[in-house]
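The block underneath contains the structure these notes are about, expressed in structure tokens.
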Amino acid sequence: TTYKDPKISELRCSGCITTGLSLNSRNFCKILQSCQHLCDQHKVILQTEMRYKRNLKGSIISSKDCSTDSAGNCEEMPKNIADLQAKHDTFMEKQTKKEKCNLEDES
Amino acid sequence: MFGGCRGWFSQSVARELCDLWVAERGVITNQEEADYLFSSDAAHPDTKRIHESLDYLEDRIEVFHSNYLNASTNSEIKITVPLGHFLLPPACLQEEIRKQIGSFIWEQITEPLKPQ
Ligand SMILES: [Zn+2]
């Protein structure tokens, strides 16, 4: 195998030392976020992911149709999860349509 | 070794690896019920969809590279492989991350699973 262990000095990160099945897809992000000693690799990945999530969430929120907002403020955070989910669905629909158009343009 | 764990597999994952999961007593289920999400290609539409989902954006879900299954069932290093090394970030971020950390650990496992 070509599997390599990271440097010993980096083994303190909970993303690196936790073996077995205590980690999973559901709790991993929270565990990394609460870790005091993130290794360089996990720090970089986590920060990059967080920036991406923030940007994507920003585009979802600002893509909202203004006319339904009584305050007239598009940038406002949605009040509840259902609201955000609805916006997210609309956003994804638009994205899919956009991708389709791009494909057609290329051909 | 995956006794009772519920896993979801992207269509990008080789059939052999799904079989390995089942052989090690893992259960294959749908995305909603799975505790472990595996993919071998973040650019695959089914994985991309997860990386754009609200669950992902709100830190409730992560995808892991399916090479974890090769690595963890390799007898020499069985207990010592941390799942955390196999985190699979969205495809559009990988180049940026690579620039800072070099290659991902899941890229260092180059030996494909030999067909039986
Ligand atoms: Zn780490």
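Tell me, which residue of segment A:36-68 that is within 16 Å of the ligand (Cβ to nearest atom) and either modelled with pLDDT under 85 or in a loop (DSSP other than H, G, I, E, B) (or both) is farthest from the other protein chains (Cβ to nearest Cβ)? So, considering only residues that are within 16 Å of the ligand (Cβ to nearest atom) and either modelled with pLDDT under 85 or in a loop (DSSP other than H, G, I, E, B) (or both), the one farthest from the other protein chains (Cβ to nearest Cβ) is A:Gln36.
B:Glu33 falls short on exactly one of the conditions (1) more than 13 Å from every other protein chain (Cβ to nearest Cβ); (2) assigned to a loop (DSSP other than H, G, I, E, B), and that condition is (1).
With respect to the stated conditions, B:Pro89 fails to be surrounded by 20 or more Cβ atoms within 10 Å (Cβ to Cβ), of a type outside the set (Lys, Arg) and over 13 Å from B:Phe38 (Cα atoms).
When B:Arg25, B:Arg15 are checked against the criterion of being at pLDDT 95 or above and either over 15 Å from the mean Cα position of the chain (by Cα) or over 20 Å from B:Ile105 (Cα atoms) (or both), B:Arg15 stands alone in meeting it.
Considering segment A:8-35, and only residues there that are within 12 Å of the ligand (Cβ to nearest atom) and surrounded by fewer than 14 Cβ atoms within 10 Å (Cβ to Cβ), the residue that is farthest from the chain's Cα centre (by Cα) turns out to be A:Ser9. Take the conditions (1) buried (at least 16 other Cβ atoms within 10 Å of the Cβ); (2) more than 14 Å from every other protein chain (Cβ to nearest Cβ); B:Tyr56 misses just one of them, which is (2).
Condition check ((1) over 25 Å from A:Ser14 (Cα atoms); (2) within 12 Å of another protein chain (Cβ to nearest Cβ)) across all residues:
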{"position": "B:Ser12", "(1), (2)": "yes, no"}
{"position": "B:Pro45", "(1), (2)": "yes, yes"}
{"position": "B:Lys48", "(1), (2)": "yes, yes"}
{"position": "B:Glu52", "(1), (2)": "yes, yes"}
{"position": "B:Phe64", "(1), (2)": "no, yes"}
{"position": "B:Leu69", "(1), (2)": "no, no"}
{"position": "B:Pro82", "(1), (2)": "no, yes"}
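Look at segment A:6-27: where a residue is facing another protein chain (nearest Cβ under 7 Å) and farther than 12 Å from B:Leu87 by Cβ and a partner is modelled with pLDDT under 85 and part of a loop (DSSP other than H, G, I, E, B), sitting 6+ places away or on another chain with Cβ atoms under 8 Å, you get A:Ile17/A:Leu11; A:Thr19/B:Val81. Quick one: is B:Leu93 in contact with a Phe, Trp or Tyr (Cβ under 9 Å, 6 or more places away or on another chain), more than 9 Å from every other protein chain (Cβ to nearest Cβ) and not in a loop (DSSP other than H, G, I, E, B)? When the stated conditions are applied, B:Leu93 does not pass them.
The values are calculated or read from the model by the stated rules, or taken from the named source; none is laboratory data. Computed from a predicted model, the values in this text were never measured in an experiment. We place every Cβ from the backbone using ideal geometry, glycine too, and count neighbours over all the protein chains shown.
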